[in-house]
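Okay, structure first, notes after.
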Amino acid sequence: MRFVCIALLLIGGWGCSALPTRPLSLPGRYTVVREPLVVYSDFPIEPHHRLLDELVARRGDIRRVLDLPYSDERVHVYLFESTDRFNRFMRLYHPNMPSRRAFFLETDTRLLVYAQWGDRVAEDLRHEATHAYLHAVVPNLPLWLDEGLAEYFEVPRGYGGLNRENLAAVLARMERGECNPCLRRLERLVPTDDMSHDEYAEAWAWVHFLLHGGVGGDAVLRDYLADLRRDAAVEPLSHRLGLIVPSPEEALGHHVRQLAAITMLPTTQ
Ligand SMILES: [Zn+2]
């Protein structure tokens with residue numbers, strides 16, 4: 001989940017009269033710096049906690065897979081010790097945001113991640129940190145691609161971006177005849193749209209197809225990102241993909257079914 005260019009009341013002071021007399025503050029008793037991450041919490045975290053090691057390494061993965069440069073821009077990660085505190089904080093300062101376990105926010109000056117410590121904190125932080133790493137070097141990333149890449153890189157390292165939850169969701173909809181993948185439809189989503197779970201899963205599937213479909217989609221994706229770094233007004237990725245794959249939707253369906261067969265998910269075909 002990402003939110004871009006949201007004015008944050010909480011950064012820089014509590015002077016607003018609308019705020020409560022006892023503000024619910026951000027975590028900050030402890031700070032761990034693992035470039036480019038600055039992690040704030042109210043409970044101690046080992047500087048070389050394996051989760052932080054993985055998050056730092058993930059930046060290198062993104063650089064290698066997508067052929068993107070590093071950025072020196074810091075990513076500020078606020079870790080809430082409980083779901084209750086996280087939810088109270090979000091309700092107070094971001095009441096219009098949908099209910100989620102974690103968020104990435106981009107302001108004019110900072111890249112921010114809010115997350116709650118819990119069973120899925122590793123997945124959540126990999127997802128949100130991916131948004132931050134991407135936004136640091138690729139402006140104007142389309143919503144579907146931003147989320148598709150975050151879903152791809154949220155799985156543990158060594159999984160090759162195989163997000164079983166999304167694979168099962170896309171496959172199940174295909175088998176029921178409900179899924180009609182269409183990259184051009186995803187490309188019409190605007191930054192303020194709230195993507196559905198099915199759209200997240202389909203965005204992941206397109207990214208996985210581009211990177212592992214064996215049709216040259218990886219080069220198309222890397223070239224697209226490189227062009228997007230230079231100019232926001234580039235032609236849609238679907239147009240470029242259509243030049244090398246006659247029927248991208250059909251090819252995606254084949255890729256998903258093949259992936260399901262390899263990973264032993266049940267299919268009807
Ligand atoms: Zn996201």
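The values are calculated or read from the model by the stated rules, or taken from the named source; none is laboratory data. All of these numbers come straight from a predicted model, not from anything done at the bench. In this analysis, Cβ positions are derived from the backbone assuming ideal geometry, glycine residues included, and neighbour counts consider all displayed protein chains. Accessible surface areas use protein heavy atoms only, side chains included; no ligands, DNA or RNA. Shrake-Rupley method; radii C 1.70, N 1.55, O 1.52, S 1.80 Å.
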Next item on the list: Look at the range 221-236 and say how many of its residues are in a helix (DSSP H, G or I) and either open to solvent by 20 Å² or more (accessible area, probe 1.4 Å) or at pLDDT below 95 (or both).
Entry: 6
Check: Name the pairs whose Cβ atoms lie under 7 Å apart, with the first residue in the range 116-128 and closer than 11 Å to Phe103 by Cα, the second more than 15 Å from the ligand (Cβ to nearest atom) and hydroxyl-bearing (Ser, Thr, Tyr), and 6 or more positions between them or separate chains?
Finding: Gln116/Ser82; Gln116/Thr83
Next item on the list: Output the residues belonging to the range 175-217 that are surrounded by fewer than 17 Cβ atoms within 10 Å (Cβ to Cβ), over 17 Å from the mean Cα position of the chain (by Cα) and without any contact (Cβ under 8 Å) to a residue 24 or more places away in the chain.
Entry: Arg176, Gly177, Glu178, Arg185, Arg188, Gly214
Next item on the list: Run down Ala115, Ala129 and say which single residue is aliphatic (A, V, I, L, M) and closer than 24 Å to Asp67 by Cβ.
Entry: Ala129
Note to self: Quick check on the range 237-254. Is at least one of its residues farther than 26 Å from Ile62 by Cβ, buried (at least 17 other Cβ atoms within 10 Å of the Cβ) and over 18 Å from the mean Cα position of the chain (by Cα)?
What the structure shows: yes
Note to self: Can you go through Leu134, Leu145, Leu141, Leu149 and tell me which one is within 12 Å of the ligand (Cβ to nearest atom) and part of a loop (DSSP other than H, G, I, E, B)?
What the structure shows: Leu141
Margin query: Quick test of your reading of the structure: Tyr133 fulfils all but one of (1) farther than 26 Å from Asp42 by Cα; (2) outside the structural domain of Arg230 (by TED's automatic domain parsing). Name the failing condition by number.
Written below: (1)
Check: of a type in the set (Gly, Ala, Ser) and within 17 Å of Phe153 (Cβ to Cβ) - does that describe any residue in the range 60-71?
Finding: yes
Note to self: Pairs please, first residue from the range 50-78 and touching a residue at least 60 places away in the same chain (Cβ under 8 Å), second anywhere and in a loop (DSSP other than H, G, I, E, B) and among the basic types (Lys, Arg), Cβ atoms under 9 Å, 6+ apart in sequence or on different chains.
What the structure shows: Glu54/Arg157; Ala57/Arg157; Arg58/Arg157; Asp61/Arg157; Glu73/Arg110; Val75/Arg110
Checklist line | Conditions (1) part of a helix (DSSP H, G or I); (2) within 22 Å of Tyr224 (Cα to Cα): number failed by Arg91 | finding: (2)
